[in-house]
1. Every residue in region 166-210 that is among the hydroxyl-bearing types (Ser, Thr, Tyr) and more than 20 Å from Ile256 (Cβ to Cβ), please.
2. From the residues in region 128-150 that are of a type in the set (D, E, K, R) and surrounded by 15 or more Cβ atoms within 10 Å (Cβ to Cβ), which one is nearest to Val173 (Cα to Cα)?
3. Does Lys357 satisfy the criteria of being within 26 Å of Asn240 (Cα to Cα) and basic (Lys, Arg)?
4. Within region 317-334, can you find the residues that are part of a strand (DSSP E or B) and either touching a helix residue (DSSP H, G or I) at 6+ places or on another chain (Cβ under 6 Å) or among the acidic types (Asp, Glu) (or both)?
5. Scanning for something outside any loop (DSSP other than H, G, I, E, B) and either at pLDDT below 95 or farther than 21 Å from Lys363 by Cβ (or both), does region 304-313 turn up at least one residue?
6. Tell me yes or no: at least one residue of region 335-345 is over 22 Å from the mean Cα position of the chain (by Cα), assigned to a strand (DSSP E or B), touching a residue at least 40 places away in the same chain (Cβ under 8 Å) and loosely packed, with under 15 Cβ neighbours inside 10 Å.
7. Taking the conditions exactly as written (among the acidic types (Asp, Glu) and either surrounded by 15 or more Cβ atoms within 10 Å (Cβ to Cβ) or at pLDDT below 95 (or both)), does Asp364 satisfy them or not?
8. Do we find a residue being in contact with an Asp or Glu (Cβ under 7 Å, 6 or more places away or on another chain) and closer than 23 Å to Glu372 by Cβ anywhere in region 335-352?
Amino acid sequence: MTHRPHMMTMTRRQISFMVAMLGLVKSDMIGSRASSALAASPLTLTEQTNTQHVDLFPFLGSGGRAGFFDREGRIIIKPQYGLVSTTTRYFSEGLAAISVDSKAGFIDSTGNVAIELIYNAASKFSDERAAVMIGDKWGYIDHDGTLVIAAQFETRGSSMFPASDFSEGLASVQVDYDQFGYIDKSGTIVIDPVYRQAADFSEGLAAVQDARTKNWGYIDPGGTMMIKPQFSGGVGPFTNGRAWVSPKDSDDFGCINPGGDVVIEPRFIKGWPFSEGLAAVLPSSGLMALGYVDTEGKMAISPQFSKAYNFSEGLAAVSHDEKLGYIDASGEMVIEPQFTYAYEFSDGVALIALDGKWGLVDKDGKVVLVEEEA
């Protein structure tokens, strides 16, 4: 029998406050009304990233330090590190960013230090580059630890991400205070720093904020404005051909397609990026509950959850109350709620926490837990 929680009706003011308390849904929005809904996990604050062929998984040991274990639950790298940012939970391109005594570097899959811990901060590798902070400036290193793009990019300003990971061959950087543009892998500025903020490219488009009007639009990799700046309330990345936006004349979010056409009318307090054709939403109906819509805006899974993650490999982590389980695309609970934390599936397994221990669950619900040495 499907468990449905008691529904509460709320005012818009109460809903706006509660969005920030709903927990484990990724925000993936930028803009004035977009920085809510932080994940309540000790391993990440803002996201659940599909890890793509992960061989090692992070866990927090009894001393609060991070280590890594394999698919059989065997500890491969003992807990001894801090994880330096929300994007570095997992190994990327064979390396993981870690920190010790407030200095960041990178280890390989055996736990050996591959790049010295000399940086004030570091991000994950993407396109053979990783952003690192030296002093108060950001630059980029390669897999050998060579500084291939000099530390020159500003940390001050409106954006939380003054030097982004590379995506689709480009990275957004802050050249001066609130002046963002894009560089290629050589460090050459290929899109002039004329924007107040600039997001990652996704499906060939990137959201940028006009410096004068502070409205958001979308550019292509050549810097051409494809969707004119017109959104003031927050924008998201394109996924599954859809991006969530909040028009100037609305407090709600709807979706546009890559042509800029509105394909889902603004009627949601919040919408999260699509994955596998579905997106978590918080309707503006006054119910404090999350559901899922399809790419046409049809409610595919009725609002009933207090927490809801992206779909990955056909499943999504959700919660009615405190514990998380997994539903399929029809909304059926296929792995019963039991987990304190539950992440996205990759290669048939998902990172979870159960009864105070970290481990993995497969798509049949079989759990393998890490056993720390006494």
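1. To start, the set of residues in region 166-210 that are among the hydroxyl-bearing types (Ser, Thr, Tyr) comprises 167, 172, 177, 182, 186, 188, 195, 202.
Within region 166-210, Ser172, Tyr177, Tyr182, Ser186, Thr188 meet the criteria.
2. Here is the first cut: in region 128-150, the residues of a type in the set (D, E, K, R) are 128-129, 136-137, 142, 144.
Checking the rest, the ones that are also surrounded by 15 or more Cβ atoms within 10 Å (Cβ to Cβ) come to 129, 137, 142.
Numbers: Arg129: 14, Lys137: 11, Asp142: 17 Å.
Only one residue tops the list, namely Lys137.
3. Values: within 26 Å of Asn240 (Cα to Cα): no; basic (Lys, Arg): yes.
The answer is no for Lys357.
4. Here is the first cut: in region 317-334, the residues part of a strand (DSSP E or B) are 317-319, 324-328, 333-334.
Answer for region 317-334, where residues must be part of a strand (DSSP E or B) and either touching a helix residue (DSSP H, G or I) at 6+ places or on another chain (Cβ under 6 Å) or among the acidic types (Asp, Glu) (or both): just Asp328.
5. Going through region 304-313, the residues outside any loop (DSSP other than H, G, I, E, B) turn out to be 304-305, 307-308, 312.
Checking which are either at pLDDT below 95 or farther than 21 Å from Lys363 by Cβ (or both) leaves us with 304.
The answer is yes, given that some residue of region 304-313 is outside any loop (DSSP other than H, G, I, E, B) and either at pLDDT below 95 or farther than 21 Å from Lys363 by Cβ (or both).
6. Checked region 335-345: no residue is over 22 Å from the mean Cα position of the chain (by Cα), assigned to a strand (DSSP E or B), touching a residue at least 40 places away in the same chain (Cβ under 8 Å) and loosely packed, with under 15 Cβ neighbours inside 10 Å.
7. Details: among the acidic types (Asp, Glu): yes; either surrounded by 15 or more Cβ atoms within 10 Å (Cβ to Cβ) or at pLDDT below 95 (or both): no.
No, not satisfied.
8. To start, the set of residues in region 335-352 that are in contact with an Asp or Glu (Cβ under 7 Å, 6 or more places away or on another chain) comprises 345, 348-350.
This time we only want the ones that are closer than 23 Å to Glu372 by Cβ, so: 349-350.
Looking through region 335-352, at least one residue is in contact with an Asp or Glu (Cβ under 7 Å, 6 or more places away or on another chain) and closer than 23 Å to Glu372 by Cβ.
The values are calculated or read from the model by the stated rules, or taken from the named source; none is laboratory data. Here the structure is a predicted model, which means the values were calculated and not measured. Note: ideal-geometry Cβ built from the backbone for every residue, glycine included; neighbour counts use all protein chains shown.
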